[in-house]
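Trainee: Have a look at this one.
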Amino acid sequence: MSDDAAIEVRDLVRVFESRKGFLFREVVRTEALKGVNLRVRAGSIFGLLGPNGAGKTTLVKILSTLLLPTSGTAQVLGHDVTRETDWLRPRIGLVLGGERGLYSRINARENLRYFADLYGIPVSERERRITEVLERVDLSSAADRRVEEYSRGMKQKLHIARGILHRPAILFLDEPTIGLDPKSARETRKLVRSLIQDGVTILLTTHYMFEAEELCPELAVLSRGRVVAHDTIPGLRSRVGGDRTIEAEAYGFEDREVDALRALPGVSKVASEEYGPRTRLTLRMRTGVTGVEHVKAALREHPELTIRERRTSVEDVYLDLVEEEAS
Ligand SMILES: Nc1ncnc2c1ncn2[C@@H]1O[C@H](COP(=O)(O)OP(=O)(O)OP(=O)(O)O)[C@@H](O)[C@H]1O
Ligand SMILES: [Mg+2]
């Protein structure tokens, strides 16, 4: 494993087998990870993106020693996740989304006390550490309130406080902003950014490209158990080709019109989607080669045409990648 890698994953496969049907005789095999290779540099925030069921949580669970792979290897901080769990566990922080894992009848401070004991933090240091993390996640003023009174955003902050209490060298955040309102989500992202200044390596999963764009210099897109891209944001944008997107809508287009658009110089993709009675064509193109006027000319037989041009967003690139994989 190279010196500066915090995570190194090779040919990782995870198969789930569950039973269903009459007397549970039918065995259903799900290949959640189909040979994943990944390398994450130490001291960075790495984004793991992918649609529902892509395998993100499965990967995070394997890397945080909660789940065994079916085959392949994974090293975290240079140590094997299946064989060196005793060494790894105290150095790993894990925040899985959702409501589980907190005690709602007691307050935040008491929750953290419980976890501090679990992590083996010395009693002499415990209270100071707890005060410090509560401040860090901006929960000091609510520290003595029962967790059942907390909003979802406050609970999420407490989850993160719990995840960093033992000062892990690597932190896994599985969808840290899911279900949060925009303001709480923004606060959580700010908190994540501040953690990186302490030298913690973070692996963050998300469905939101803009979140990855804001936080992660590097990211991987997972789709159906495979890494379909591992790149930087500018790299991703350039790989799909076309930094402008034109959307043209009308009541149906002829194949020859679509072919004519595809033949225009600089056009890398033309996709067609139905929206009720209307059809929308989405074109990806390079700046300065073909313009809106050329597209209008090619579609001049549609008086009801609406057309708009915008910069290709990374979200577009992401959707293209996930679509390519699905088709
Ligand atoms: N314990 C399990 N038993 C059977 N199948 C499972 C199990 N856990 C996950 N899977 C399946 O493995 C695949 C990957 O699931 P995973 O939870 O890793 O996806 P994900 O990328 O985290 O999705 P989401 O964005 O919805 O959280 C899915 O098809 C899922 O149904
Ligand atoms: Mg998940």
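Trainee: How are the Cα pair distances of the chain distributed, in percent, across 10 Å bins from 0?
Mentor: Taking all Cα pairs of the chain, the binned fractions are 5, 22, 26, 21, 15, 8, 3, 0 percent.
Trainee: Residue by residue through segment 281-286, what is 3J(HN,Hα) from phi via Karplus (6.51 cos²θ - 1.76 cosθ + 1.60, θ = phi - 60°)? Round to whole Hz and write x for glycine and proline.
Mentor: Coupling constants for segment 281-286: 9, 10, 10, 9, 8, 7 Hz.
Trainee: In addition: Can you give me the distance in nm between label points at Arg25 and Glu247, each placed 7 Å from the Cα along the Cα-to-Cβ direction?
Mentor: Going by the 7 Å Cα→Cβ label model, 5.1 nm.
Trainee: With r as the distance between the Cβ atoms of Arg10 and Arg193 and R0 = 25 Å, compute the FRET efficiency 1/(1 + (r/R0)^6) and round to 0.05.
Mentor: Numbers: r = 30 Å, r/R0 = 1.20.
So, using R0 = 25 Å, E works out to roughly 0.25.
Trainee: With labels modelled as points extended 7 Å from the Cα through the Cβ direction, what inter-label distance (nm, one decimal) is found for Lys296 paired with Thr73?
Mentor: Each label point is offset 7 Å from its Cα along the Cβ direction, giving 6.1 nm.
Trainee: By how many nm would the segment from Ile178 to Glu214 lengthen if fully extended, with 0.36 nm per residue of separation less the alpha-carbon distance? Each step should come with its number before you reach the end.
Mentor: Details: separation 36, 0.36 × 36 = 12.96 nm, distance 1.57 nm.
Stretched fully, the Ile178-Glu214 segment lengthens by 11.4 nm.
Trainee: Another one. Could you give me the ³J(HN,Hα) list for segment 104-114, computed from phi with Karplus coefficients 6.51, -1.76, 1.60 and θ = phi - 60°, whole Hz, x at Gly and Pro?
Mentor: 7, 7, 10, 7, 5, 4, 5, 4, 5, 4, 4
Trainee: Can you give the FRET efficiency for Asp144 and Arg280, using 1/(1 + (r/R0)^6), R0 = 45 Å, r = Cβ-Cβ distance, to the nearest 0.05?
Mentor: On the way: r = 54 Å, r/R0 = 1.20.
Between Asp144 and Arg280 the formula returns 0.25.
Trainee: Would you please give the FRET efficiency between Thr82 and Arg41, computed as 1/(1 + (r/R0)^6) with r the Cβ-Cβ distance and R0 = 22 Å, to the nearest 0.05?
Mentor: Numbers: r = 23 Å, r/R0 = 1.03.
With a Förster radius of 22 Å, E is 0.45.
Trainee: Would you mind counting up the charge near Val15? Only other residues with Cβ under 13 Å from its Cβ, with Lys and Arg at +1 and Asp and Glu at -1.
Mentor: Result for the neighbourhood of Val15: +1.
Trainee: Determine the per residue accessible area of the chain with all protein chains present and a 1.4 angstrom probe, expressed in square angstrom.
Mentor: 50 Å²
Trainee: Can you tell me the order of 211-219, 117-125, 185-193, 153-161 when each peptide is scored by its average per-residue count of other Cβ atoms within 10 angstrom, highest first?
Mentor: On the way: 211-219: 20.0, 117-125: 11.3, 185-193: 17.0, 153-161: 22.7.
Result, highest mean first: 153-161, 211-219, 185-193, 117-125.
Trainee: Here's a follow-up. With respect to the cross-link table entries Lys61/Lys183; Lys56/Lys183; Lys34/Lys190, which display a Cα-Cα separation exceeding 32 Å? Each step should come with its number before you reach the end.
Mentor: Values: Lys61/Lys183 28 Å; Lys56/Lys183 25 Å; Lys34/Lys190 34 Å.
Beyond 32 Å between Cα atoms: Lys34/Lys190.
Trainee: So, in Å, what gap is there between the alpha-carbon centers of segment 171-208 and segment 250-307?
Mentor: 39 Å
Trainee: Which whole-Hz couplings ³J(HN,Hα) result when phi for each residue of segment 73-80 is put into the Karplus expression 6.51 cos²θ - 1.76 cosθ + 1.60, θ = phi - 60°, listed in order with x for Gly and Pro?
Mentor: Karplus values, whole Hz, x for Gly and Pro: 10, 9, 10, 10, 6, x, 10, 5.
Trainee: Ignoring ligands, DNA and RNA, what percent of the 1.4 Å accessible area of segment 242-311 is carbon and sulfur? It would help to have the intermediate numbers written out before the result.
Mentor: On the way: 1920 of 4020 Å².
C and S atoms contribute 48 percent here.
Trainee: Tell me whether segment 242-311 comes out rounded, prolate or oblate; compute the Cα gyration tensor, take square roots of the eigenvalues as a ≥ b ≥ c, and use a/c under 1.5 as the rounded threshold.
Mentor: Values: a/c = 1.65, a/b = 1.50, b/c = 1.10.
Prolate, since a/c reaches 1.5 and a/b exceeds b/c.
The values are calculated or read from the model by the stated rules, or taken from the named source; none is laboratory data. All values reported here derive from a predicted model rather than from experimental measurement. Note: ideal-geometry Cβ built from the backbone for every residue, glycine included; neighbour counts use all protein chains shown. These area figures cover heavy atoms from the full protein model, side chains too; ligands, DNA and RNA do not enter into them. Shrake-Rupley method; radii C 1.70, N 1.55, O 1.52, S 1.80 Å.
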